[in-house]
């Protein structure tokens with residue numbers, strides 16, 4: 001993979017058909033912000049966490065650029081950082097620390113949707129990550145397992161438990177179906 | 001899974017994607033040689049946690065009468081050279097344009113006398129805009145017909161009450177003197193008019209006694225320290241790795257000075273630059289400790305240094321402050337502009353505090369007290385700028401957390417976000433700790449200064465909700481909640 005090693009993240013176009021970091025950024029940045037927003041609940045931290053993930057990717061692009069799916073790595077970084085209280089606060093601080101500057105943040109969510117993500121964030125971290133990756137990033141179970149570095153069965157178990165908890169948390173709007181209530 | 005829940009989650013996801021749809025996404029961020037300001041957002045967290053609302057006024061009470069009217073009347077102060085490795089990362093003149101002002105406001109109320117306006121009663125009223133958060137763990141109560149959380153603070157008797165008033169606005173009340181019932185009563189009587197929140201009907205014991213101290217202050221971490229909403233002044237920001245500091249000078253009266261001291265716990269008298277001043281520390285959630293130094297720089301001008309560095313470092317920094325030339329100040333403002341432009345247009349990121357740099361660095365660079373291994377990797381217990389830190393490494397990833405050198409319990413999360421260890425300093429009378437669900441034994445290590453620290457690996461999937469500190473005889477000395 002020597003060609004990967006010399007390919008800088010600033011390359012305008014991908015070599016050997018692989019996307020450059022800039023291309024990934026243009027394509028995936030907003031989706032990663034959405035993922036971070038869902039898991040952190042902070043509009044300012046979400047944007048910052050996604051930026052941090054790309055910055056981290058930049059630093060080790062010689063390795064990450066060679067991955068089959070570098071976006072999975074980015075998603076993992078964002079998902080992990082967004083559920084870490086201290087990292088989230090640092091990111092929030094950094095985002096809000098642009099003295100006198102302008103910043104563009106994600107828009108606020110309607111209350112009904114914010115309530116859904118609040119309930120997701122109240123789940124254990126791994127369950128919340130699985131739910132966010134499944135619904136926000138539209139990832140199937142196998143991809144989530146690869147992203148989080150766990151077995152598919154574990155992802156399914158987290159999803160099942162998360163859905164049970166969410167159904168209860170968001171009740172009465174979402175009563176459990178009879179087969180799930182058993 | 002019900003179709004309803006699935007539909008709700010998909011709809012909520014669609015909302016998220018719509019919310020981020022307009023964000024610019026040009027070129028991927030690259031490291032910049034210019035460190036950007038990392039101010040500590042944590043004052044907000046501390047306030048809403050109700051943990052830092054304490055003030056013990058002593059000695060040389062401030063008395064400010066003549067208030068300068070414009071920024072030109074307010075002296076600028078900057079750090080001299082690269083003091084303690086801190087490098088300038090931005091600056092701003094106050095007041096900020098309205099569109100860039102804070103995420104909320106905080107107001108202080110007290111009942112007391114001239115020597116201590118908060119002696120008999122104290123109250124902080126925090127109003128946060130969209131995105132504002134409050135304590136999530138505590139007693140569930142209802143105030144003003146809405147669900148609210150009542151949480152105990154770190155200081156004895158301190159308590160906070162937080163609820164979402166309407167739309168995205170969140171109100172949090174904090175006090176160390178009012179207690180649960182009176183705080184709820186104050187909340188019920190609040191007058192809310194748009195973003196303006198004022199005291200309304202008060203409990204009989206407070207009626208006519210609780211008065212406003214100072215003006216509403218901006219609550220925005222970019223604007224640490226607090227300053228009155230529409231005040232004139234200047235702020236300069238500095239960074240050295242994860243350590244951040246800000247220096248502000250702004251127009252304020254004696255009430256503002258008193259309120260700032262109250263809100264920042266700056267209660268110890270000191271001398272700064274030949275002026276009487278105060279210093280205080282505010283342990284924050286997440287293990288960060290903020291130190292605040294404030295003094296009256298000149299008549300009607302409040303000066304504040306806030307930072308995460310060691311107290312002695314910040315005192316030296318404050319004593320070494322100097323007035324910059326106009327060109328120097330303009331360069332500082334330009335640096336802020338260029339940083340924020342880069343961040344919003346091309347996404348340039350320059351902070352050194354990334355997840356990639358955290359693992360192991362602290363342990364390598366500072367005094368390591370103890371090391372060990374657990375099922376998931378290795379750990380180091382070490383000192384960093386007076387804070388007690390724990391790091392873990394597993395394969396090529398790792399994480400670390402630093403906190404109050406006297407904190408009873410701190411949680412270390414791994415790079416996967418899972419809680420992997422808890423640790424803390426044993427208080428007097430405690431000889432060990434019981435950690436429910438600990439993976440392996442709970443270890444106790446003595447530090448050179450006499451502190452004794454317990455630590456235990458835990459299962460990220462079964463994070464204990466508390467740690468029990470035990471005495472020599474096995475009796476419970478204290479039970480501490482674990483922040484998972």
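The values are calculated or read from the model by the stated rules, or taken from the named source; none is laboratory data. The shown structure was predicted, so the numbers you read here are calculated from the model rather than taken from an experiment. No Cβ is skipped: glycine too gets one built from the backbone with ideal geometry, and neighbour counts run over all protein chains shown.
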- Residue under evaluation residue B:443, criteria (1) under 28 Å from the mean Cα position of the chain (by Cα); (2) buried (at least 18 other Cβ atoms within 10 Å of the Cβ); (3) in contact (Cβ under 8 Å) with a residue 60 or more places away in the chain, criterion not met: (1)
- Query: Do we have residue A:81 as at pLDDT 90 or above and in a helix (DSSP H, G or I) here?
  - Reply: no
- Task: Output yes when any residue across the range B:173-189 is more than 21 Å from residue B:112 (Cβ to Cβ) and touching a helix residue (DSSP H, G or I) at 6+ places or on another chain (Cβ under 9 Å), and no when none is.
- Result: no
- Query: What's the number of the condition residue A:111 fails, among (1) modelled with pLDDT of 85 or more; (2) surrounded by 22 or more Cβ atoms within 10 Å (Cβ to Cβ)?
  - Reply: (2)
- Please verify whether the range A:92-108 includes one or more residues that are in contact with a helix residue (DSSP H, G or I) (Cβ under 6 Å, 6 or more places away or on another chain), at the interface with chain B (Cβ under 7 Å from one of its Cβ atoms) and at pLDDT 85 or above. no
- Task: Look through the range A:1-44, keep the residues that are modelled with pLDDT under 50, buried (at least 16 other Cβ atoms within 10 Å of the Cβ) and under 19 Å from residue B:25 (Cβ atoms), and return whichever of them is nearest to the chain's Cα centre (by Cα).
- Result: A:9
- Where residues in the range B:27-49 are more than 29 Å from residue B:149 (Cβ to Cβ) and more than 7 Å from every other protein chain (Cβ to nearest Cβ), which of them is modelled with the highest pLDDT? B:32
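For residues in the range B:247-265 being modelled with pLDDT under 85 and under 17 Å from residue B:310 (Cα atoms), which is farthest from the other protein chains (Cβ to nearest Cβ)?
The initial filter retains those residues of the range B:247-265 that are modelled with pLDDT under 85, namely B:263-265.
Next, only the ones that are under 17 Å from residue B:310 (Cα atoms) stay: B:264-265.
On the way: B:264: 16, B:265: 19 Å.
The residue in question is B:265.
Looking at the structure I just gave you, is residue B:462 within 14 Å of chain A (Cβ to nearest Cβ) and either outside any loop (DSSP other than H, G, I, E, B) or touching a residue at least 12 places away in the same chain (Cβ under 8 Å) (or both)? Walk me through how you get there before you give the answer.
Details: within 14 Å of chain A (Cβ to nearest Cβ): yes; either outside any loop (DSSP other than H, G, I, E, B) or touching a residue at least 12 places away in the same chain (Cβ under 8 Å) (or both): yes.
Here the answer is yes, as residue B:462 does meet what is asked.
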- Item | Selection within the range A:126-169 - at pLDDT below 90, surrounded by 15 or more Cβ atoms within 10 Å (Cβ to Cβ) and not in a helix (DSSP H, G or I) | A:150
- Could you please find all residues in the range B:183-196 being surrounded by 20 or more Cβ atoms within 10 Å (Cβ to Cβ) and more than 16 Å from residue B:211 (Cβ to Cβ)? B:183, B:184, B:187
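Being surrounded by fewer than 23 Cβ atoms within 10 Å (Cβ to Cβ) and under 19 Å from the mean Cα position of the chain (by Cα) is the filter here, so list the residues in the range B:247-267 that pass it. Steps first, answer last, please.
We begin by selecting, within the range B:247-267, every residue surrounded by fewer than 23 Cβ atoms within 10 Å (Cβ to Cβ); these are B:253-255, B:267.
The answer is B:267, and nothing else.
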